[in-house]
Amino acid sequence: MPLSPNLPRLTGTALRLFTSAVEGPARKLLVRKFERELGLDWFRATQVMEPPTLHPVWPVERRAEQGARVWDHELPRRSFESADEGFQYTSVLDYGRAYWEGRTTPLEVAERIIAAFETVQNAIAPFITFDADQLLRDAEASSMRLAGGLGRGPFEGVPVAVKDEFDVAGLPTKVGTAFRNHVAEFDAAAVARMRAGGALLIGKTVMHEYGMGVTGVNVRGGTARNPYAPGHMTGGSSSGSGAIVASGLCPVALGADAGGSIRIPAALCGQFGLKPTFGRISSFGEAPLAWSTACAGPIAGTATDLALAYAQLAGPDPNDPLTLEQPRPSLLEWGSTNLENVRIGIPTALFESADPEIARTCEQMLGVFGEHEAQLVPIELPAIDTYQSAHLVTVISEMAHALAQDRAEHRTEMGYEARGLLAVAATLTTDDYLRAQRIRTRLMRELDAAFRGIDVIALPTTAIAAPALRDDIWASGESDLGTALALMQYVLPANFAGLPALSMPAGYTRAGLPIGLQLMGPAWQEHTLLRLAHVGDNTLDRRRPEVFAELMPARELVDG
């Protein structure tokens, strides 16, 4: 069963004292307590014979299948058919249709974004950087391209936001800190692909400091609030990206996921989020924080938009050699609603760790898949405790290496949560890191064996709904490993094994908080997950968030 650390929630003076202690002479005793509670004693006692592995390997005999990008004829050509009544998110294709029919222009949309910015920012604070002048210039250029019949594709004139983990030319990449101010000279590969598709890059979004947490609470670099309930967390670390899509300011935002950092905010904010197969989307220009687990990917308001963003982003990039060792990205059977050839494995024992309301709602969405002829297969998965510990060792070891200079020069400017985790990471050994990679090999083999009889593994994305933002966090932040593990426990295997996983909206709690269902597949099978998301999106009654910007009035969404 998942880890349940007996560690107190710390904030304020207690957090400051604890951080000072783990950085000081008494750190060995405190770190040992941390390590025991996080299962590192068990982890270190685990006997493993497997060699270290870092990511899925594409068989040599299949490499002739590699092509350039998703074929044009596979791209979704329209949104799913939805009921006329009820709330619906404006999709990428809704923007395109409105532009094509002359009902609005990218310049008009940009002006509406600027008009709505202050209200949205004051309510949920998703942005760390917003450049209205550049947005207007880009929107004017997009409007001119469309007027001349030179649109670049589905994303022409569509607003897109970027997590502040990616370089955007002319803007600083702060990675959730209060002190990093180096201005990027070039766009990250994922940003460049969105820009090349004609997207309007409307700003950079806040994130958990260094991505070292999954709540989104970052009192130094910015804490976004949940549009469905502004007194609650967004999840993280792609916190601002989840919030901004939920708010309606854009249909797609870029995120990055090393331990659920796309899927958790997508789930808590009621959106779709895809962590692709490791290496599926180029990491060039993305901050190298957790280099063996982190993946770039989209958060989107609809399944259609998630598929379109994946098609735009995925594919080979000579600046990231791993992307050259992947089969051609595909959206095979994306629009098919008959799921008779899809076998969904349900590890029912793991559902018991989730809040009953979340488990029940996810089971209802699985029933919808069953109604579309999917085969629902009860399965057993290996205990995930050891894998959680091995993932933790891997991520914080890599982050400690990547952030050594920051820690040496700016330690006192960092948040207390990040400082405490980096202090723990400093005690880990080379043996710990290599053992974790050997355990990773074992997980990959066990999941490979599970996927021989099924196509997808389904679990709740998170064990709890969006936690409340407590009043005592704003001075010093918080360290709450119990809440963090409740948010992370189901998402870690996909990161550690390098497999694709998607979070989709499944419903809402009685209090109106969103609930996410996670779908995980074998390497390079994103198209199956996207197909299931499309079916679910066609059946779910979405609810309008409390904070929402209506950029496309209803008159502009009516077919002419």
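The values are calculated or read from the model by the stated rules, or taken from the named source; none is laboratory data. In this text, all values refer to a predicted model and were calculated from it rather than measured experimentally. Glycine also receives a Cβ, built like all others from the backbone with ideal geometry; neighbour counts cover every protein chain displayed. SASA here: full protein model, heavy atoms, side chains in, ligands and nucleic acids out. Shrake-Rupley method; radii C 1.70, N 1.55, O 1.52, S 1.80 Å.
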- With a 1.4 Å probe and all protein chains in place, put 283, 143 in order of accessible area, largest first. 283, 143
- Task: Grab the DSSP H runs of the chain that are 4 residues or longer, score each as -39,500 (n - 2.57), total them, divide by all residues and round the 222 nm result to the nearest 500 deg cm²/dmol.
- Result: -11500 deg cm²/dmol
- Is the shape of region 334-450 best called rounded, prolate or oblate, per the rule: a/c under 1.5 gives rounded, else a/b larger than b/c gives prolate, else oblate, with a ≥ b ≥ c the square roots of the Cα gyration tensor eigenvalues? prolate
- Return the sequence-ordered ³J(HN,Hα) values of region 306-317 in whole Hz as given by the Karplus equation 6.51 cos²θ - 1.76 cosθ + 1.60 applied to θ = phi - 60°, using x for Gly and Pro. 5, 5, 5, 5, 4, 4, 6, 8, 7, x, x, 9
- Note on the structure: With a 1.4 angstrom probe the carbon and sulfur portion of accessible area for region 301-401, in percent, totals 50 percent
- Note on the structure: Heavy-atom accessible area per residue of the chain, all protein chains kept, 1.4 Å probe, expressed in Å², is 37 Å²
- When the accessible area of region 121-208 is split by element with a 1.4 Å probe, what percent falls to carbon and sulfur? 54 percent
- Query: Which ³J(HN,Hα) values, rounded to whole Hz and listed in residue order, are derived for region 287-302 from phi using the Karplus coefficients 6.51, -1.76 and 1.60 in 6.51 cos²θ - 1.76 cosθ + 1.60 with θ = phi - 60°, glycine and proline given as x?
  - Reply: 4, x, 9, 10, 5, 9, 10, 6, 9, 6, x, x, 10, 9, x, 9
- Going toward the positive end of the dipole of the chain, with +1 on Lys and Arg Cβ and -1 on Asp and Glu Cβ, which of 144, 46, 547 do you reach last? 46
- Could you give the alpha-carbon Rg of the chain over 2.2 N^0.38 Å, rounded to two decimals? 0.90
- Cβ-derived FRET efficiency at R0 51 Å, residue 26 paired with residue 373, nearest 0.05: 0.25
- Task: Kindly identify region 414-560 as rounded, prolate or oblate by the Cα gyration tensor criterion: order the square roots of the eigenvalues as a ≥ b ≥ c, call it rounded if a/c is under 1.5, otherwise compare a/b with b/c, prolate if a/b is larger, else oblate.
- Result: oblate
- Charge dipole (debye, nearest 20) of region 455-560; +1 at Cβ of Lys and Arg, -1 at Cβ of Asp and Glu: 220 debye
- Please list, in chain and number order, the residues 5+ apart from residue 377 or on another chain whose amide H is under 5 Å from its amide H, with Hs placed from the backbone. 344, 345, 346
- Message: Modelling each spin label as a point 7 Å along the Cα-to-Cβ direction, I'd like the residue 509/residue 380 distance in nm, to one decimal.
- Response: 3.2 nm
- Provide the per-residue ³J(HN,Hα) series for region 507-512, in order, calculated from phi with Karplus coefficients 6.51, -1.76, 1.60 and θ = phi - 60°, each as a whole number of Hz, with x at glycine and proline positions. x, 9, 6, 4, 7, x
- Within the chain, which is the longest segment containing none of the trypsin sites (Lys or Arg not before Pro) that sit in a DSSP loop and have at most 12 other Cβ atoms within 10 Å? 79-451
- Message: Can you give me the solvent accessible area of residue 448 with a 1.4 Å probe, rounded to the nearest 10 Å²?
- Response: 90 Å²
- Task: Using only alpha carbon pairs under 8 Å that are at least six residues apart, calculate the relative contact order of region 243-363 and give it in whole percent.
- Result: 23 percent
- Task: Output the relative contact order of the chain, whole-number percent, from Cα pairs under 8 angstrom with separation of 6+ residues.
- Result: 22 percent
